[in-house]
Amino acid sequence: MLDDDNLTAERPTFVTHLECGLAGDRYPADQVHNLSKAGRPLLVRYDLEGVRQAFTKEALARRPRDLWRYRELLPVRRVQDIVSLGEAMTPLVRLPRLGAKQGGGDLLVKDEGRLPTGSFKARGVTMAVSMAKAFGITHMAMPTNGNAGAALAAYASRAGIKSTVFCPEDTPEVNVSEIALQGAAVYRVNGLIDDCGKIVAEGNQKAGWFDTSTLKEPYRIEGKKTMGLELAEQLGWQVPDVIFYPTGGGTGLIGMWKAFAELEAIGFIGAKRPRMVAVQAAGCAPMVRAFEQGGEHASRWEDAHTIAAGIRVPQAVGDFLILRAVRESKGFAIAVPDEAISAAVDEVAREEGFLMCPEGGATYAAYRQSLADGRIGRNDCVVLFNCATGLKYPMAPVHTRLDRTKEIDYAAL
């Protein structure tokens with residue numbers, strides 16, 4: 001087995017068509033698409049019986065442990081179109097002290113901060129850029145709260161594709177600098193991410209750039225669904241009882257729900273599904289409000305604010321797909337305040353030595369709250385998603401000093 005086998009060996013492909021997630025009408029594969037005629041996300045469909053015949057767990061076990069090991073369930077047909085920066089399988093990290101402290105069952109974190117550009121956005125963007133390369137697209141654009149833009153800048157540069165990124169004006173400097181350093185033209189916008197999205201959409205019409213916004217192209221879902229494929233494989237082709245997922249645009253939650261259905265169809269897992277929990281911040285919780293009101297769609301959240309910028313998405317085009325997955329799984333949507341998010345990041349770092357990003361911290365805060373109020377069971381196996389490395393985020397300053405010119409009381413240190 002060579003380390004790059006998944007990137008160099010041609011394998012059979014099984015994409016049949018694309019399908020509107022809302023209306024169900026079909027669209028041809030191997031053509032450029034954004035949203036459906038209904039203005040809703042398109043989902044990639046496969047000949048799953050063909051996959052079942054051609055793809056085995058034994059063959060998979062012999063492949064390098066990266067995202068591209070699941071090629072039969074991915075849309076990129078030719079190896080020459082794969083744009084990769086080394087998307088290794090991310091680890092499941094147990095939090096035994098905190099699980100015991102909270103009186104819960106097995107508590108694990110899937111640490112997406114190990115991916116290129118330091119976040120799970122690499123999964124979706126590697127797929128979107130690979131398909132853009134296959135289609136001959138030369139200019140891609142997106143709105144971002146930071147991490148998605150960094151991923152687009154890196155992968156587009158890798159592919160030789162021009163990229164333009166728009167972010168809210170309060171986006172942390174580290175994210176803006178990262179985007180620019182990796183080759184994109186980046187602009188701060190006096191508004192939120194959906195305001196940036198309007199600029200991208202207008203540029204698509206007037207300048208012809210390709211709109212790579214969340215769920216406005218079909219392939220970021222396919223990249224993000226590999227989180228579900230990996231998770232099932234890492235758990236011995238089982239699924240956890242509960243998944244807590246930080247939810248802004250919701251691509252990963254939708255993608256994982258799709259992944260579990262595809263895995264069952266090809267015989268890799270059974271009918272059991274995890275309860276999917278959409279975690280939002282109290283200052284921007286459109287999905288929570290819609291879930292609690294019983295709605296199919298989520299209206300825009302006004303005055304959105306939270307320290308967890310990655311989930312500060314006032315309105316999501318895939319709202320109905322998020323809510324559908326949550327309800328079908330018998331899960332729920334939950335909002336946590338910024339104070340709880342900060343406390344969660346601090347507690348996990350001090351107790352377990354694991355530095356979460358604020359969005360990941362939100363999932364631990366939601367886990368604590370859900371365990372306390374009985375929404376999850378004390379024996380449940382729970383997976384939290386840490387969507388980015390905590391090293392990309394501001395940390396509290398440390399002012400402790402030691403004067404080496406004076407006698408040091410070592411016993412007190």
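The values are calculated or read from the model by the stated rules, or taken from the named source; none is laboratory data. What you are looking at is a predicted structure, and each value in this text was computed from that prediction instead of being measured. Please note: Cβ atoms are built from the backbone with ideal geometry, for glycine as well, and neighbour counts cover all protein chains shown. Areas reflect the complete protein model, heavy atoms only, side chains present, ligands, DNA and RNA absent. Shrake-Rupley method; radii C 1.70, N 1.55, O 1.52, S 1.80 Å.
Remarks
- Cα Rg over Rh - the range 256-413, Kirkwood: 1.11
- Carbon-plus-sulfur accessible fraction, the range 25-64 (probe radius 1.4 Å, protein heavy atoms only): 46%.
- Two-decimal log10 I(q)/I(0) for the range 29-100, as the Debye equation yields it once each C-alpha is a single scatterer, q = 0.14 Å⁻¹: -0.70
- Electrostatic dipole magnitude of the chain [Cβ: Lys, Arg +1; Asp, Glu -1; Cα centre; debye, to 20]: 620
- Principal-axis tilt of helix 121-135 within the chain, Cα atoms, nearest 10 degrees: 20
- Checking (1) 35, 21, 20; (2) 32, 26, 23; (3) 62, 34, 22 against the coordinates, the calculated semi-axes √(5λ) of the Cα gyration tensor in Å falls under label (2).
- FRET E, pair Glu173, Ala271, Förster distance 51 Å, beta-carbon r, rounded to 0.05: 0.60
- Remark: C-alpha extents of the range 343-403 on the principal axes read 50, 22, 15 Å, sorted largest to smallest.
- Projecting the Cα positions of Val93, Gly270, Ile221 onto the charge dipole of the chain (unit charges on Cβ atoms of Lys, Arg, Asp and Glu, taken about the Cα centre) puts Gly270 furthest along the positive direction.
- Degrees between helix 338-352 axis and first principal axis of the chain (Cα, 0 to 90, nearest 10): 80
- Here the gap between Val32 and Tyr410, fully extended at 0.36 nm per residue and compared with their Cα-Cα distance, gives a gain of 129.5 nm.
- Measuring against 19 Å, Cα to Cα, the residue pairs Lys225/Lys392; Lys216/Lys272; Lys121/Lys272; Lys121/Lys225 contain Lys225/Lys392; Lys216/Lys272; Lys121/Lys272 as the ones spanning a longer distance.
- The chain, relative contact order [Cα under 8 Å, separation at least 6], %: 16
- Total formal charge among the other residues, if their Cβ is under 13 angstrom from that of Tyr27, Lys/Arg +1 and Asp/Glu -1: 0
- Stretch gain in nm, segment Ala23-Asp195, where the contour uses 0.36 nm per residue and the Cα spacing is subtracted: 59.3 nm
- Extension gain, Leu181 back to Val398 (0.36 nm per residue minus Cα-Cα distance, nm): 75.3 nm
- With only Cα atoms counted, the range 167-315 has Rg and Dmax values of 17.5, 49 Å.
- Alpha-carbon centroids, the range 80-158 and the range 358-413: separation in whole Å: 22
- Of every Cα-Cα pair in the range 298-385, the percent that sits beyond 23 Å: 29
- For the range 7-54 versus the range 324-345, the spacing of their alpha-carbon centroids is 30 Å.
- Whole-percent carbon and sulfur share, accessible surface of the range 206-341, 1.4 Å: 51
- Rh by Kirkwood over Cα pairs, then Stokes-Einstein D for the range 65-181 at 1.002 mPa s and 20 °C, µm²/s: 136
- Under Stokes-Einstein, with the Kirkwood radius over Cα pairs as Rh, the value for the range 160-226 at 37 °C and 0.692 mPa s is 253 µm²/s.
- Per residue, the range 283-413 exposes an accessible area of 51 Å² to a 1.4 Å probe, with every protein chain left in place.
- Overall Cα dimensions of the range 13-141, principal axis frame, Å, largest first: 51, 36, 31
- Between Asn379 and Val93, the simple spin-label model (points 7 angstrom out along Cα→Cβ) gives 2.9 nm.
- Relative contact order for the range 264-413, counting Cα pairs under 8 Å that sit 6 or more residues apart, in percent: 21
- Label point at His305 placed 7 Å out along Cα→Cβ; residues across the range 362-403 whose backbone nitrogen lies under 19 Å: 394
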